[in-house]
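**Q** Just passing along the structure, written as structure tokens.
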Amino acid sequence: MSKVSGLQKPQGAPRLVALGISTDEVDPLLAFFAALPPQVTWAIVFTKPLSLVQLARLKEVLHKSGGPILEWLSTGMRLAPGRVYLPPRHACVELADEAFVLSPAPEGETKPMHLVDTFLLSLLGRDPARTAVVCLDRVPLDGVLGFQQLGEAGAPIFLRPRQGLARRKGQGVLEPGRMPAVLARAFEGETAEPDDSAALDRILGLLERTCHMEISAYKTDMLARRITRRMRLRRHDSFYDYAEALAADPAAVAELYDDLLIGVTGFYRDSEVIQTLRTKVLDPMVASCDGQKPLRIWVPACATGEEAYTLAIELAESFEAAGRAPNFRILASDLRQSSLDVASVGLYDVGAVETVPEVLRDKYFQRVGGQYAVRKSLRAHIVFSSHDALVDPPFLQLDLVSCRNLLIYLNPEPQARLLSMVLFGLRADGALLLGQSETLIRDQDALEVIDRGARLFRKRGDVQPRPVPLPEQDLPQGDPLKLQRPRLGIGLAHRDHVVLNGFDAVLRRYAPSSLLISAEGEVLGWFGAASVLVRKTDGASLRTVEDVVHDDLQIPITVALEKLREGPFETFVRVLKVELAGGAPGRVQLRFEALDTAGAGPLLLVAVTFGDGQTPVPTPQTAPEAEDALFLSRRVQELERDLRLTERTLQHVTERLEATGEELLASNQELQMANRALHRDNHGLNHSNAAIRAQAEDIGLYANGLEAVLDALGIGFVVVSAQGVIHRVSAQLAVRLNLASAPEGLDIARLGLGPDFDALPQVVQDVARSKRPAELSGEGPGGTLWLRVFPQIGPSPRDPQGDAGGDGVVLVFHWPRGP
Ligand SMILES: C[S@@+](CC[C@H](N)C(=O)[O-])C[C@H]1O[C@@H](n2cnc3c(N)ncnc32)[C@H](O)[C@@H]1O
């Protein structure tokens, strides 16, 4: 048995409260900390440095209350529960994988606004149910981007009440002293407390001992979630209480075990993948199948059977499309007994078969009351058996392994072990199908990609597989949770076929009139006059009792088969009236006998005697009424079983919802990483935009200052294109010239300088062409004006390509300074 000790403790990340307050506020800070629940386990991280006064007062409060420990945060420090973290000044703090990362604040980003945003945005990858933001600023300016995005992700956000503040979804507007209590409630309703790990270990140990399950192989957070779910259903509040209850009640442990392995599955799950599998693997496989050896497929975590039946349908269709008799065997296994029971029966609700294309549903299922039963002809291709894919040796000589949605629940080492087993079982060139959220972590060199999107691989023929790292433990003996070995599995080599055909010929000649039927209900042969009780089969390779035997014999044979499966079997006789060909009723005696086939499973021999008046039919030993009663009681049992199945289906549906979440969680991790990267880029862009805005503001200020200086000196300017179009007029000049509206875009002649300056347009053109400055003076609006016209050198910043380029001119005006 593997050890639980050394098992990873559940990594329930501490609940994190990001807390911001401006340095001039003390009371809200003290009110918040004074109201913290005793022994609070949150990690509280200040998003900005505190003032000395705030720090001194906070220390006092924490000292008095015996509250969380105060620490300066530093790079590499891991987030721990029950701590208050303070950031150093001017540092940019981020949280990555629950550890702090500090870096110098980039130039221009030393303002609290940027630093708080950076920290808050780094929390976006965390579980929002374990992350909250408390903003105690009088006006929430710093980190607005951060807490908007965290709020959208579902993290609780708390603000102080203030006038005119629009309340947003997910934001709690509260007095600081009330925030901790509401926050505590917001944090409720999650999985285990980190300090519950000892009790959780105890539960895992109980499971491992009782159920012979290698518990440490599975991801602890998945187990913790499943245990928490069952614990809540059992109305326990803590792992400790639940562990106590489990220790006292083995049935409760079995119930938990049954719950633990997520059995979510479905017909045609990821239907595009099934389509790809069909075209890229199944059809070519069927085309190259030699017709002797059946194709062998293993489904190592088949759950309630839908995946195995889906593959069976697609294979049957592929064989039919190729015009050949179906010749394949699917070995479908799982660890969970209750799932295998459902799979074996092959009875599904309407909702479950909805994903099967309608024509295939009608072809391969039969309506039974409100449910659909897999037709026996399809069922007969599949052997369901109990098998621990991590411990039991793999099936061998496999053409395809469909191992979907098991790896995601396993830790890396058992994942690698399972993949090695699968590789060992596959023949060279055999195919491997994984689940949509699963990837290969090793043995990459032993496999080549058939279709990456479908997670479809092929075992390379030229690579030696690595040894299979089987755990050092005995196979479980007499495990009550295990099903018996596969029921009937007669695999015939070609030579055996020849021998059997010989036997067949002998039997047809000498055997008494009889039918030979497998325990699965397949009619293996019929001899002598019994052939009149067998319908024509049109060359189908599988002949079930239902398909080929006379209707009047169906019930007694079904009863006999049930007895045979249950064993021990006692020979018995039935006499029936049978309507033979031509409508003539006749009496038939059936003698049911079990044939022992030396370990290959029992067969049913039905010896047939016709009561035609020549051969007297002996009186039956068992009254048919008694048999019918027996049969009816079996039907009642079947109905009860169906009822149990319905209950399980309900649980299955619930699990489907939950575990879709589990699988989503796995693929979400990738998405979250991408999301974080996106946010970082986005954040960078926001910062750049802000920097550009700040620069623009600075330039604006600078320009205003410059204009004020020019004005004081009695100087103004106009930028004009070579064509005489005005591009810019300095502000004070515009005032002096009484320009009511913006002159930009107007012709220079419209500047309104007066008749002394009529030559100005021509002068502008001359200067632009000759690149030599010129001077003008005269009476203008508001008095005498001196004007110098300079050629513009270099491209215009406003229009680097256009007509205001280096060909333009600048008019510099000078007017007498005022008193
Ligand atoms: C999510 S279901 C996957 C069902 C199906 N393969 C599919 O993808 O639709 C996972 C199954 O793995 C089974 N399982 C878990 N551990 C196993 C093990 N060690 N050996 C065999 N089956 C296992 C569970 O019982 C459960 O039925």
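**Q** What FRET efficiency comes out for the pair Thr784/Ile699, r = Cβ-Cβ distance, R0 = 35 Å, nearest 0.05?
**A** Efficiency, rounded to the nearest 0.05: 0.60.
**Q** Taking a ≥ b ≥ c as the square roots of the eigenvalues of the Cα gyration tensor of the range 194-260, is the shape rounded (a/c under 1.5), prolate (a/b larger than b/c) or oblate? Could the numbers behind the result be given before it?
**A** Details: a/c = 1.37, a/b = 1.08, b/c = 1.27.
Rounded, since a/c falls under 1.5.
**Q** Next question. Report the residues of the range 127-151 in range of a label on Val182: point 7 Å along Cα→C-beta, backbone N strictly under 12 Å from it.
**A** 134-135
**Q** If you place +1 on the Cβ of every Lys and Arg, -1 on the Cβ of every Asp and Glu, and leave all else neutral, what size is the dipole of the range 194-260 about its Cα centre, to the nearest 20 Debye?
**A** For the range 194-260, the charge dipole is close to 220 debye.
**Q** From the Cα gyration tensor of the range 16-186, with a ≥ b ≥ c the square roots of its eigenvalues, which class applies: rounded if a/c is under 1.5, or else prolate if a/b is larger than b/c, or else oblate?
**A** rounded
**Q** Further question on the same structure: Can you list the residues of the range 129-148 with backbone N under 17 Å from a point 7 Å past the Cα of Asp24, pointing along Cα to Cβ?
**A** Within reach of a label on Asp24, which here means backbone N under 17 Å from a point 7 Å along Cα→Cβ, the range 129-148 contributes 136-142.
**Q** Report, in listed order, any pair from Lys376/Lys459; Lys376/Lys563; Lys293/Lys563; Lys64/Lys111; Lys293/Lys459; Lys363/Lys459 with a Cα-Cα distance greater than 28 Å.
**A** Where the Cα-Cα span goes over 28 Å, the pairs concerned are Lys376/Lys459; Lys293/Lys563; Lys64/Lys111; Lys363/Lys459.
**Q** Rank these by accessible area, largest first, 1.4 Å probe: Arg587, Arg750.
**A** Listed by decreasing accessible area, they come as Arg750, Arg587.
**Q** For Val368 and Asp237 in one chain, what is 0.36 nm times their gap in residues minus the Cα-Cα distance, to one decimal in nm?
**A** That works out to 42.9 nm of additional length.
**Q** Here is a follow-up. As an exercise, use a Förster radius of 45 Å and the Cβ-Cβ distance of Val532 and Ser288 to find the FRET efficiency, rounded to the nearest 0.05.
**A** 0.65
**Q** With every protein chain in place, what's the accessible area of Cys302 (1.4 Å probe, Å², nearest 10)?
**A** 0 Å²
**Q** Using a cut-off of under 14 Å, list every residue of the range 117-136 whose amide N is near the label point 7 Å from the Cα of Ala13 along the Cα-to-beta-carbon line.
**A** So the set is 119-133.
**Q** Can you give me the solvent accessible area of Lys280 with a 1.4 Å probe, rounded to the nearest 10 Å²?
**A** 90 Å²
**Q** Determine the gain in length on full extension of the stretch Glu71-Leu524; use 0.36 nm per residue of separation and subtract their C-alpha separation, reporting nm with one decimal.
**A** Here the segment from Glu71 to Leu524 would lengthen by 155.2 nm.
**Q** Please list Ser437, Ser271, Ser518 in order of solvent-accessible area, largest first, computed with a 1.4 Å probe with all protein chains present.
**A** Correct descending sequence by accessible area is Ser271, Ser437, Ser518.
**Q** What ranking, highest mean first, results for peptides 560-567, 409-416 when packing means the other Cβ atoms within 10 Å averaged over each residue? If you can, show how the numbers build up before the last one.
**A** On the way: 560-567: 16.5, 409-416: 18.0.
Sorting 560-567, 409-416 by mean packing, highest first, produces 409-416, 560-567.
**Q** In nm, what is the difference between 0.36 nm times the number of residues separating Ile555 and Arg427 and their Cα-Cα distance?
**A** That pair, Ile555 and Arg427, stretches by 41.8 nm at full extension.
**Q** At what distance in angstrom do the alpha carbon centres of the range 342-408 and the range 78-93 lie from each other?
**A** The range 342-408 and the range 78-93 have Cα centres spaced 54 Å from each other.
**Q** Right, something else. For Asp283, Asp237, Asp117, Asp362, write out the residues from largest to smallest accessible area, computed with a 1.4 angstrom probe and no ligands counted.
**A** I get Asp237, Asp362, Asp283, Asp117, largest accessible area first.
**Q** How many nm is it between the label spots at Val61 and Ala35, if each spot is 7 Å from the Cα in line with the beta carbon?
**A** 1.0 nm
**Q** With unit charges on the beta carbons (Lys and Arg positive, Asp and Glu negative) and the dipole taken about the Cα centre of the range 194-260, which residue among Leu207, Pro250, Leu223 sits farthest to the positive side?
**A** It is Leu223.
**Q** Let me ask something additional. Using a 1.4 Å probe and ignoring any ligands, DNA or RNA, find the accessible area of Tyr240 and quote it in Å² to the nearest 10.
**A** My reading of the accessible area for Tyr240 is about 130 Å².
**Q** In nm, give the distance between the simple-model label positions of Glu98 and Gln275, each being 7 Å from the Cα along the Cα-to-Cβ direction.
**A** Distance between label points: 4.2 nm.
The values are calculated or read from the model by the stated rules, or taken from the named source; none is laboratory data. All values reported here derive from a predicted model rather than from experimental measurement. Note that each Cβ is placed from the backbone with ideal geometry, even for glycine, and that neighbours are counted across all protein chains shown. Accessible surface is based on the protein model in full, side chains and every heavy atom, while ligands, DNA and RNA are left aside. Shrake-Rupley method; radii C 1.70, N 1.55, O 1.52, S 1.80 Å.
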